[in-house]
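*Asks:* Encoded as structure tokens, here's the structure I'll be asking about.
The values are calculated or read from the model by the stated rules, or taken from the named source; none is laboratory data. Computed from a prediction, not measured in an experiment: that's the story for all the values here. Every residue, glycine among them, receives a Cβ derived from its backbone with ideal geometry; neighbour counts consider all protein chains shown.
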Amino acid sequence: MRRRLLVIGNWKLNGNKNTITNLTITLVNTFCNISKCSVAIAPPVMYLDIVKRYLLNNTHIQLCAQNVDIHLSGAFTGEISAEMLQDCNVRYVLIGHSERRIHHKENDAYIAKKFFILKKVGLIPILCIGENKREYDSGCTQSICINQIKTVIKLLGIEALKNSVIAYEPIWSIGSGVSASPESVQMVHKSIRDYIASYDVSVADEIIIQYGGSVTPENVTQFFDQKDIDGVLVGAASLNANSFAMIVQTAEKHKKLYLS
Ligand code: 13P
């Protein structure tokens, strides 16, 4: 099975009109020849439309949103709907990011509702999962991750994972400068894929499982070298055009792309 490497830059709550425009223009120019891997950027929602304008004639970079509401419209002050994101040419949407689980108290059942609404309108959910330091230290990483996926499967069925993405991001690694070891990430990804395969082998074979947590141009190759790591979700390093470009170029040239 051939899975395209997927590199996404999550800009989180950073930037302004000026820096976001400059970063986008640089990336559009840098990535005009990218064809073997998939690339997306996730600016703050305020700037999706600005970024969209620069991406219009560029099919190499997709738009990703950082969040979505569970409703499509109505009296939900301050929220953004899946249809609005679609209207802005968004293709991927992050859900379940640990920063939302922690700061906004989002739980698995609520995240599964977001998953549902994205599938309903035809957007691609990126289901972020991962354990905290205490869970990591007590050796329950795999069961934590599986449980976070299980809620979606129980509510929506295994078919919902078709054309969806999972991003494994150990919470202790995010923004810390300490990435998980590629071997340990491979083990987690394999256990996730095996779990999905226990429902449906072809869904397991096709699903993209990204790693996120202090990914840099220096360490990214080791992640791509692992069989079940199909891409990276990059935070801090994606705010720097050179660093993000190096990560994308590494994906574009990686030998994995030529394996079947
Ligand atoms: P860092 O790459 O800054 O660790 O962030 C990872 C992340 O949270 C991406 O969603």
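*Asks:* Kindly indicate the residue of region 161-182 that is within 18 Å of N132 (Cα to Cα) and β-branched (V, I, T) and also farthest from the ligand (Cβ to nearest atom) among those meeting that condition.
*Replies:* By that ranking, first place goes to I166.
*Asks:* Look at region 91-133 and say how many of its residues are within 22 Å of V7 (Cα to Cα) and away from the ligand (no atom under 16 Å from the Cβ).
*Replies:* Total meeting the criteria: 6.
*Asks:* Let me ask you something else. Output yes when any residue across region 43-50 is under 16 Å from I8 (Cβ atoms), over 14 Å from the mean Cα position of the chain (by Cα) and among the aliphatic types (A, V, I, L, M), and no when none is.
*Replies:* Yes, that holds for at least one residue.
*Asks:* Go through (1) of a type in the set (V, I, T); (2) more than 22 Å from L233 (Cβ to Cβ); (3) within 16 Å of the ligand (Cβ to nearest atom) one by one and return the number of the condition I158 breaks.
*Replies:* (3)
*Asks:* In region 188-235, which residue that is without any contact (Cβ under 8 Å) to a residue 12 or more places away in the chain and aliphatic (A, V, I, L, M) is nearest to the ligand (Cβ to nearest atom)?
*Replies:* Result: A204.
*Asks:* Report, by residue number, each residue of region 85-108 that is surrounded by fewer than 18 Cβ atoms within 10 Å (Cβ to Cβ) and among the aliphatic types (A, V, I, L, M).
*Replies:* I102
*Asks:* A further question on this structure: Testing V185 on (1) more than 18 Å from the chain's Cα centre (by Cα); (2) part of a helix (DSSP H, G or I); (3) within 16 Å of the ligand (Cβ to nearest atom), one condition comes back false. Which one is that?
*Replies:* (1)
*Asks:* Can you report the number of residues in region 147-182 which are over 22 Å from A40 (Cα atoms) and not in a loop (DSSP other than H, G, I, E, B)?
*Replies:* 13
*Asks:* Could you please give the count of residues in region 5-33 that are modelled with pLDDT under 95, within 30 Å of K227 (Cβ to Cβ) and either polar (S, T, N, Q) or surrounded by fewer than 18 Cβ atoms within 10 Å (Cβ to Cβ) (or both)?
*Replies:* So the answer is 2.
*Asks:* Given (1) modelled with pLDDT of 95 or more; (2) more than 27 Å from F223 (Cβ to Cβ); (3) polar (S, T, N, Q), identify the lone condition not met by N57.
*Replies:* Checking N57 against (1) modelled with pLDDT of 95 or more; (2) more than 27 Å from F223 (Cβ to Cβ); (3) polar (S, T, N, Q), the one that fails is (1).
*Asks:* Still on this structure, please answer the following. Can you tell me which condition G213 does not meet? The list is (1) over 16 Å from R4 (Cβ atoms); (2) surrounded by 17 or more Cβ atoms within 10 Å (Cβ to Cβ); (3) touching a helix residue (DSSP H, G or I) at 6+ places or on another chain (Cβ under 6 Å), and all the others hold.
*Replies:* Status for G213: all satisfied but (3).
*Asks:* So which residues in region 46-79 are of a type in the set (V, I, T) and either within 30 Å of S35 (Cβ to Cβ) or touching a residue at least 24 places away in the same chain (Cβ under 8 Å) (or both), if there are any at all?
*Replies:* Hits for region 46-79 are I50, V51, T59, I61, V68, I70.
*Asks:* If you scan region 20-55, which residues turn out to be charged (D, E, K, R) and farther than 19 Å from L94 by Cα?
*Replies:* Answer for region 20-55, where residues must be charged (D, E, K, R) and farther than 19 Å from L94 by Cα: K36, R53.
*Asks:* For the condition surrounded by fewer than 17 Cβ atoms within 10 Å (Cβ to Cβ), away from the ligand (no atom under 16 Å from the Cβ) and polar (S, T, N, Q), what is the one hit in N242, N147?
*Replies:* Every option except N147 fails the conditions.
*Asks:* When you scan region 103-124, do you find a residue that is out of contact with any helix residue (DSSP H, G or I) (no Cβ under 6 Å at 6 or more places or on another chain), within 30 Å of K253 (Cα to Cα) and among the hydroxyl-bearing types (S, T, Y), even just one?
*Replies:* Checked region 103-124: no residue is out of contact with any helix residue (DSSP H, G or I) (no Cβ under 6 Å at 6 or more places or on another chain), within 30 Å of K253 (Cα to Cα) and among the hydroxyl-bearing types (S, T, Y).
*Asks:* Would you mind stating whether M1 is more than 22 Å from A237 (Cα to Cα) and at pLDDT 95 or above?
*Replies:* Here the answer is no, as M1 does not meet what is asked.
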